[in-house]
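Taking it in order: structure first as structure tokens, then the write-up.
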Amino acid sequence: MITIKSRREFAKMAKAGACVADVHRRVREAAKPGVTLLELEEIGAQTIADHGCTSSFLNYLGSYPATLCLSPNDVIVHGIPSEYRLEEGDILSVDAGAIYEGFHGDAAFTVGVGEVTEEARHLIDTTQEAMWAGIRLVDKGNRLGDIGSVVHEIGTAHGYGVVEEYVGHGIGREMHEEPQVPNYGVKGKGLKLKTGMALCIEPMFNIGRRHTKVDPDGWTVRTDDGTLSAHWEHTVAITPDGPQVFTAALEPVPVEEVVAG
Ligand code: MF3
Ligand code: CO
């Protein structure tokens with residue numbers, strides 16, 4: 001079911017989103033050569049507690065064992081924080097979700113650790129650009145296919161594999177609600193967006209093929225050809241006052257301002 005949220009519910013989602021934005025800020029600052037993924041996990045958990053929130057991910061499906069998903073290099077999504085120590089030249093995708101009074105925020109970014117190759121930088125930047133292109137289309141009257149087609153077009157225009165097995169989603173009282181928001185689609189087709197909806201827009205681009213494989217741990221999703229992957233995500237709501245990106249800053253801001261800034 002697609003839930004249509006009230007102003008009161010959106011206000012709670014904005015709080016959850018601000019918490020996620022703060023997790024991003026603190027983890028990004030700490031993601032330097034020599035730090036372990038478990039140290040970043042600790043920063044994420046502490047930040048969520050500081051905001052009076054709880055983690056959307058911890059114990060997800062009765063089994064996800066951490067607060068953050070930390071996905072280095074060829075890991076696309078759902079990497080479990082480990083003793084792995086970041087090295088100069090790595091890239092790292094950081095995904096965080098928080099719950100405030102029953103409402104979720106969910107967002108991800110990919111960062112270069114120290115100096116990264118031109119190829120890695122371009123992958124990170126293009127994936128982020130595709131996310132914003134999708135976010136700009138989150139407005140009443142537009143359709144899911146408008147978002148998916150633009151994201152897919154940007155990825156393929158740069159020769160990247162655009163991951164299809166994992167998709168964006170509605171969000172609210174649950175982290176994953178209907179509808180699914182695939183990173184492909186046909187312009188003008190699919191569900192028509194309305195005020196009261198909230199969506200996570202989350203492209204995953206690979207330098208090589210789009211195909212994925214899952215580690216024996218049942219979570220870690222990798223590129224099947226071992227190439228680097230980037231992941232960006234924001235929680236975007238169509239509020240009665242227009243679209244807002246809840247996870248982009250400490251206060252919710254209208255889409256136009258975030259895109260311009
Ligand atoms: N943030 C991811 C998403 O966008 C979900 C994380 S999976 C979990 O769908 F197991 F960590 F919760
Ligand atoms: Co998500």
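Ordering Ile135, Thr67, Ala18 by Cα displacement along the dipole of the chain toward the positive end leaves Ile135 in first place; charges were set at the Cβ atoms of Lys, Arg (+1) and Asp, Glu (-1). Contact order for the chain, expressed relative to its length and based on alpha carbon pairs under 8 Å spaced 6+ residues apart, stands at 23 percent.
Assuming charge only on the beta carbon of Lys and Arg (+1) and of Asp and Glu (-1), the dipole of the stretch 153-261 about its Cα centre is about 380 debye to the nearest 20. Cα centroid separation, the stretch 159-219 to the stretch 106-127: 19 Å.
The aspartates and glutamates whose alpha-carbon is closer than 13 Å to the alpha-carbon of Lys189, local same-chain residues fewer than 8 away aside, are Asp146. A straight Cα-to-Cα reach below 23 Å connects Lys192 with the lysines Lys5, Lys140, residues fewer than 8 places away in its own chain not being considered. Calculated FRET efficiency, Arg28 to Leu58, Cβ-Cβ distance, R0 = 22 Å: about 0.60 to the nearest 0.05.
Just the protein heavy atoms count here, and of the accessible area of the chain at 1.4 Å, carbon and sulfur take up 51 percent. A Cβ-based charge dipole, computed about the Cα centre of the stretch 43-147 with Lys and Arg at +1 and Asp and Glu at -1, lands at about 480 debye. Our summary gives the stretch 138-261 a relative contact order of 25 percent, counting only alpha carbon pairs under 8 angstrom and 6 or more residues apart. Here the dipole of the stretch 7-260 is about 960 debye; that uses its Cα centre as origin and unit charges on the Cβ of Lys and Arg (positive) and Asp and Glu (negative).
Simple spin-label estimate for Ala11 and Thr117 gives 5.1 nm between the two label positions (7 Å along the Cα-to-Cβ direction from each Cα).
Note that the chain presents 42 Å² accessible area per residue, ligands and nucleic acids not counted, probe 1.4 Å.
Centre-to-centre separation between the Cα atoms of the stretch 1-31 and those of the stretch 73-104: 16 Å.
Loop-located GluC sites (Glu not before Pro) in the stretch 2-97 (DSSP state other than H, G, I, E, B) with a sparse environment of at most 11 neighbouring Cβ atoms within 10 Å: Glu83. Measuring only protein heavy atoms, the 1.4 Å probe finds Glu101 accessible over about 110 Å². Here the calculated FRET efficiency for Asp241 and Thr3, from their Cβ-Cβ distance with R0 = 22 Å, stands at 0.75, rounded to the nearest 0.05.
The values are calculated or read from the model by the stated rules, or taken from the named source; none is laboratory data. For clarity, every value in this text was computed on a predicted model and none was experimentally measured. Cβ sites come from the backbone with ideal geometry, for glycine too, and all protein chains shown count toward neighbours. These area figures cover heavy atoms from the full protein model, side chains too; ligands, DNA and RNA do not enter into them. Shrake-Rupley method; radii C 1.70, N 1.55, O 1.52, S 1.80 Å.
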